[in-house]
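Read through the structure below, which is laid out as structure tokens, and then see the notes.
Since every read-out is calculated from the coordinates, none of them should be taken as a lab result. Everything numeric in this text was worked out from a predicted model, so none of it was measured. Glycine gets a Cβ as well: all are built from the backbone with ideal geometry, and neighbour counts include every protein chain shown.
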Amino acid sequence: MNNNLEPNKFNPTNSVDNSSNKNNNLNNQKPKKKKYWIPILIVSICIIVFIIFPIIFINWISSNFKTTPTKIEDNSILYLDLSNIEEYSNSFSFTNIINQYHPSNFLDILNCIKEAKTDNRIKGIYFECLMGTNIPDVKASELQSALVDFKKSGKFIYSYIENGNEDDYFNALPSDSIFVCSESLIEFNGFGAASLFPKGLYDKLGVEFEVVQCEDFKSYGEVYKNKKFSDSARYQQKIIIEQKENAFIKAVEKFRKIPQEKSLEYFNSVFYSAKELVEKKLVDVIISQDEIKELIYKKIFNKSSKNNKSILFKDFEENNIVTINKYIENIKQNQPKNNNLKNNNDDGIAIIYGCGEILAQSKNNFIQDEQAIIANKFIDNLKEARENKNIKGILLRIDSPGGSVIASEAIYQEILKTRKIKPVYASMSDVAASGGYYISMACDTIIAHPKTITGSIGVIMAIPNYNKALKKLDINIDTISSGHGNPFGITSVLPIDNDSKEKLKKFGFDTYFRFLSKAAKARNKTVEEMRKIAKGRVWTGQDAYKIGLVDVLGGFDTALDLLKKRTGLKNKKDVKLYIYPKKNNFTDMLFSLETFGKMSLTWLKFDSKLNMNTSNIDYKPLLSQMIDKDIQNSILYNINLINLLQQEKVLVSLPYYIKIK
């Protein structure tokens with residue numbers, strides 16, 4: 001018998017031994033490591049490819065372009081594109097990468113015109129309006145004053161209007177000659193205001209609003225409870241319209257020597273053709289754009305360019321027609337480089353811009369500093385200006401219809417604190433009303449333009465309720481509570497009981513009287529005296545001055561001159577201006593979410609308190625092609641107010657988006 005076992009035959013002993021060996025092998029085998037480095041590598045590559053590399057590459061390109069300084073040729077003209085003038089913008093977009101400068105702010109344009117007045121290289125100004133401009137009244141008037149001052153130099157101003165309205169024509173009035181082309185049309189049909197009243201639609205949808213209107217002129221809630229303007233709202237808007245009309249016809253009389261009665265007669269037509277405009281002496285000549293440039297060339301060089309147009313005139317167009325941005329860049333390059341010196345050469349004034357609605361905080365990453373007054377950011381700017389020893393005074397440039405009462409109060413208190421250390425002046429732009437007036441009244445001195453919309457000392461509450469709308473959709477809401485109190489509070493989807501309505505009203509009026517008391521103290525009036533001119537009413541700057549709501553009438557330059565005088569800088573040749581919010585650079589832009597476009601969901605949701613939240617809805621694409629731009633702005637303004645009211649319930653904000661046209 002063979003005792004040798006064949007290898008493939010079954011042997012229990014061998015089987016056990018083999019199993020034991022396998023276990024030993026498993027125990028000795030090292031566990032596999034999880035590959036954590038793979039997602040880290042992917043993220044790192046994405047950062048390098050999409051962020052770091054573009055920064056290095058574009059900065060390299062821009063630095064190469066920057067090696068050649070901007071040059072202004074002799075015998076140049078300053079070209080004004082007034083299609084859209086912003087009060088302030090600190091944004092930096094891809095269009096600015098090559099030239100590394102920011103879009104023109106209103107103060108930049110005023111300073112350019114002032115600089116061009118004494119610049120021997122600049123022989124005149126050419127203003128072009130092709131598709132209409134979008135310049136609010138105060139900026140238009142300040143611009144007109146700057147152009148009138150420019151003409152004292154003896155230099156010319158030419159304007160060309162292709163299509164436009166009274167506002168565009170107003171901008172061109174200081175010109176030596178106003179030109180139109182053969183197919184031009186200009187609206188000349190008077191001034192008016194319009195507002196949407198969606199109450200009828202809301203009634204059909206079953207949407208109701210609980211409105212608390214603190215006195216009769218604070219008429220924002222009327223668009224939700226009425227189908228037309230109330231008598232008070234109509235009255236205050238009528239005054240603003242009439243004052244704008246009077247200012248316009250006086251300007252036409254001053255610059256075009258057309259009697260006011262005749263200008264009023266011209267309002268009876270919807271628009272005028274080029275031929276009719278010339279016949280009525282509203283403009284001077286029917287001419288093409290090329291012919292205007294030929295005319296300018298001839299005026300500067302005292303000769304025609306027709307014989308050598310292919311060389312000289314083309315060169316003139318490319319090098320001698322200077323845009324505002326190019327001129328700004330040249331001025332900056334020629335300024336003395338003393339920004340790092342910590343001595344008296346750095347003594348100056350801070351200009352802190354407050355533009356847009358007033359918010360306690362920004363819950364939207366796409367709201368930038370120039371689009372809203374965000375309380376914590378505005379306060380940080382105040383603190384920085386207050387603590388900078390080189391800043392001798394602070395000028396707040398306010399262009400705001402108001403908004404959050406909480407944010408307004410926080411800014412108000414910070415201004416009072418700052419005033420104890422250095423003077424703080426307010427320069428009111430187109431609108432400084434309600435919350436805009438709230439923060440202005442904390443300043444040492446308030447300067448308003450005669451056309452500024454201001455005042456509106458009042459409080460509004462307008463809470464939407466969708467309970468009936470949900471019932472129409474056969475949607476029921478059932479609730480459970482402990483039986484004590486009202487755990488759901490005032491919601492947008494459950495009926496509001498009478499007790500809650502009374503508490504809402506009391507809360508609103510308590511806030512209003514606190515606002516009233518602060519305004520009375522700031523303007524050295526009794527509460528009753530202030531109440532007579534408050535009641536939520538808006539005033540133009542010229543009327544606000546008469547009743548003591550502002551101290552001085554004037555524009556940006558007036559405010560700066562007064563503050564320079566107060567701080568002892570009046571006689572200093574070049575006063576340094578510290579601008580806030582500070583300009584964003586390319587890196588700031590690239591790392592912001594806006595770089596990759598707005599990616600937000602358009603949807604409605606209910607929160608835990610049964611409130612409907614609409615703050616994430618982007619309405620602009622819905623409106624962009626549907627209706628007139630001014631009505632779009634009115635709708636968006638009301639939507640923003642509703643979103644704010646859902647957060648805070650009580651606002652200090654203008655009743656309407658006021659746009660007179």
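Below, the figures for the structure above:
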{"item": "Listed pairs Lys228/Lys377; Lys326/Lys451; Lys114/Lys244; Lys521/Lys564 exceeding 29 Å between Cα atoms", "result": "Lys228/Lys377; Lys326/Lys451"}
{"item": "Trypsin sites (Lys or Arg not before Pro) within the stretch 182-226, DSSP loop, no more than 15 other Cβ atoms inside 10 Å", "result": "none"}
{"item": "Set of aspartates and glutamates with alpha-carbon distance to Lys570 below 14 Å, sequence-local pairs under 8 removed", "result": "Asp347, Asp557, Asp561"}
{"item": "Dipole magnitude of the stretch 120-207, debye to nearest 20 (Cβ charges: Lys/Arg +1, Asp/Glu -1, about Cα centre)", "result": "340"}
{"item": "Sorted by Cβ neighbour density within 10 Å, fewest at the top, the residues Val538, Val270, Val138", "result": "Val270, Val138, Val538"}
{"item": "For peptides 459-465, 171-177, 116-122, sequence by mean Cβ density within 10 Å, most packed first", "result": "459-465, 171-177, 116-122"}
{"item": "Around Pro401: net Lys/Arg minus Asp/Glu count, Cβ-Cβ under 12 Å", "result": "-2"}
{"item": "Spherically averaged projected area of the stretch 341-491 from its Cα convex hull (nm²)", "result": "14.2"}
{"item": "Cβ-based net charge around Lys117, under 10 Å, with every Lys or Arg adding one and every Asp or Glu removing one", "result": "+1"}
{"item": "Aspartates and glutamates with Cα under 17 Å of Lys123, excluding same-chain neighbours fewer than 8 positions away", "result": "Glu73, Asp74, Glu115, Asp149, Asp176, Glu294, Asp315, Glu317, Glu318"}
{"item": "Residue order, fewest to most beta carbons within 10 Å, for Ile496, Ile352", "result": "Ile496, Ile352"}
{"item": "Cα centroid separation - the stretch 123-183 against the stretch 235-252, whole Å", "result": "20"}
{"item": "Candidate aspartates and glutamates for bridging to Lys471, where Cα separation is under 15 Å - those fewer than 8 sequence places away on the same chain excluded", "result": "Asp203, Glu208"}
{"item": "Nonlocal amide H pairs with Val459, under 5 Å, H built at 1.01 Å", "result": "Cys214"}
{"item": "When the stretch 410-559 is reduced to its Cα atoms, the Kirkwood hydrodynamic radius in Å", "result": "18.0"}
{"item": "Neighbour-count order for Leu78, Leu494, fewest beta carbons within 10 angstrom listed first", "result": "Leu494, Leu78"}
{"item": "Cβ-based net charge around Ala462, under 9 Å, with every Lys or Arg adding one and every Asp or Glu removing one", "result": "0"}
